[in-house]
Structure formats: structure tokens, C-alpha cells
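One structure is given here, and the rest of the page talks about it.
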Amino acid sequence: MDNLFMILLLVSMLALPVFVIMSVISFVKKDGLKGKKMLKFSGISFAAIIVTAIGVGATAEPTETSNKDKEKVETVAKVEEKVEETPEEKAAREAKAAEEKALAEQKAKEKAKAKAKEESVPREYKSALKKAESYAKTMHMSKEGIYDQLTSEYGENFPVEAAQYAIDNIVFDWKDNALKKAQTYAETMSMSDSAIYDQLISKHGEKFTTEEAQYAIDNLE
């Protein structure tokens, strides 16, 4: 039907100027009867153009609307197909969500517990820990050496409980401290490896463990 309307429209558009020209020529030749006849055909052609144009528009609009509706339906179908999940996928998703929730709750509990524990620690214990960290960072002391310094009446004079708390909670690389202390002895006092080792493990010296001291000697440059 659309093709028929288009053909009629094209024929009418072509015929209209032909009839107009022929009517003008007829009037110029003073053939009034033929001229009127051509004008009549021109009017018919013009009317045909209007009618066929309306017909083409009327048939084209529903088709366009239909195509849009079809595209909309296909889009919705694709979205639904994408959202839809199998029972196995749903179970896996729910299990993962439950696991993540449980993990988050566990972390929150651990954080709250750690905070409560920290708040319950006496001020003097916290001070001992800070002092221990300072000795470890700036003077490269061993763990036992720091403990002695914290409890010594000629040192920090902390209670043994506070000093032990500091030693139990300090996190440090004691092997690295032993190496740095060994380098100091080697550079400033030009000591031998054997002498440095003895000084590192000595109870009257640095009080590093034998493992820490050996690490220092093995990596001494």
C-alpha cells in the first residue's frame, strides 16, 4: 500500500506541471475549451497530490511507531534477560553477601575490642612502650637492653609490669638493629668481626640474641 501511494504521488507531481503548461499554451493559442480542460486536469492532479501525500503520511506514521514499540519491547526483554539469574547464581550471590557482612562485623568487633583494650591500658604502660620504641629507633638497642634500661633505677625506672608490657607490644626488626649497632662498632672503633659479635651478645654489652648477632656479622660490610 505504501508503494502504491508513492507511485500515485510521483505521477501526480509529474502530471501537474505538464497540464499547467498545456493549459497556458492552449489559452495563448486562443483554444479556450482545451485550456479549460487542461486546467481541470491540473486541478485533479493537484488534488491527487494532496490525497496521496496524506495517505503516505498516514501509513508511514504507524509503521514508525510500530518500529519504536518493537525496539522498546526488545530493549526491555534484553534488560530482563540480563537481570534474571539462575538459582545457583542467586545462592552464590547471597552467600557472598552474607560472608562479606560477617567479615565486616568481625572486623568491627575486633576494632572495638582493640580500642577497649587500649583504653584500659594504664598511662604508665603506654609511656613505657613509647620510650621503648624511641630507644629502638634512635639507639638501635636490643629488646633485652631496652628492658634493662626501662627498669633501671639509673635509667627510666619504670615498674617491671610497665616495662614488660612495652617489650611484649613493641614491633621492631631486631636483626636490623643488631646490624646497625655492628656497623657503628666497625666504623667508629674498627673492631674485628669476632669482637663485634662478642660485644653484641654480651650481657655487659648489647644483649642481642646469638641469631641476631650472627645476622649482623653475616651482613656487615
Open item on the list: Testing E119 on (1) assigned to a helix (DSSP H, G or I); (2) open to solvent by less than 80 Å² (accessible area, probe 1.4 Å), one condition comes back false. Which one is that?
Closed with: (2)
Task: Options E61, E80: the member that is at pLDDT below 90, assigned to a helix (DSSP H, G or I) and loosely packed, with under 10 Cβ neighbours inside 10 Å - done: E80
TODO: Being within 17 Å of K203 (Cβ to Cβ) and open to solvent by less than 80 Å² (accessible area, probe 1.4 Å) is the filter here, so list the residues in the stretch 136-149 that pass it.
DONE: M141, S142, E144, G145, I146, Y147, D148, Q149
Open item on the list: Restricting to the stretch 168-190, give me the number of residues that are over 21 Å from K131 (Cβ atoms) and open to solvent by less than 50 Å² (accessible area, probe 1.4 Å).
Closed with: 4
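Here's the yes/no breakdown for (1) free of Cβ contacts under 8 Å to residues at least 40 places away in the same chain; (2) of a type outside the set (S, T, N, Q):
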| site | (1), (2) |
| --- | --- |
| K115 | yes, yes |
| L129 | no, yes |
| S142 | no, no |
| I146 | yes, yes |
| E156 | yes, yes |
| V160 | yes, yes |
| W174 | yes, yes |
TODO: Being open to solvent by 40 Å² or more (accessible area, probe 1.4 Å), at pLDDT 95 or above and within 27 Å of Y185 (Cα to Cα) narrows it down to one of E133, E124, so name that one.
DONE: E133
Open item on the list: Anything in the stretch 151-167 that is more than 15 Å from R123 (Cβ to Cβ) and surrounded by 15 or more Cβ atoms within 10 Å (Cβ to Cβ)? List them, or say none.
Closed with: T151, Q164, I167
- [ ] Give the stretch 92-107 a look and list any residue that's open to solvent by less than 60 Å² (accessible area, probe 1.4 Å) and either closer than 30 Å to I167 by Cβ or over 26 Å from the mean Cα position of the chain (by Cα) (or both), or say none.
- [x] none
- [ ] Select from the stretch 192-201 the residues that are farther than 18 Å from A136 by Cα and either surrounded by fewer than 16 Cβ atoms within 10 Å (Cβ to Cβ) or under 51 Å from the mean Cα position of the chain (by Cα) (or both) and list them in ascending order.
- [x] S192, D193, S194, A195, D198
Open item on the list: Here are the criteria: (1) part of a helix (DSSP H, G or I); (2) modelled with pLDDT of 75 or more; (3) open to solvent by 80 Å² or more (accessible area, probe 1.4 Å). Tell me which single one K30 does not satisfy.
Closed with: (1)
Open item on the list: Please verify whether E221 is over 50 Å from the mean Cα position of the chain (by Cα), exposed (fewer than 14 other Cβ atoms within 10 Å of the Cβ) and part of a loop (DSSP other than H, G, I, E, B), treating the condition exactly as stated.
Closed with: no
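The values are calculated or read from the model by the stated rules, or taken from the named source; none is laboratory data. Bear in mind the structure is a predicted one, so any value in this text is a computation, not a measurement. Methodologically, a virtual Cβ is constructed for each residue, glycine included, from the backbone with ideal geometry; neighbour enumeration extends over all protein chains shown. Heavy atoms of the whole protein, side chains included, go into the accessibility calculation; ligands, DNA and RNA do not. Shrake-Rupley method; radii C 1.70, N 1.55, O 1.52, S 1.80 Å.
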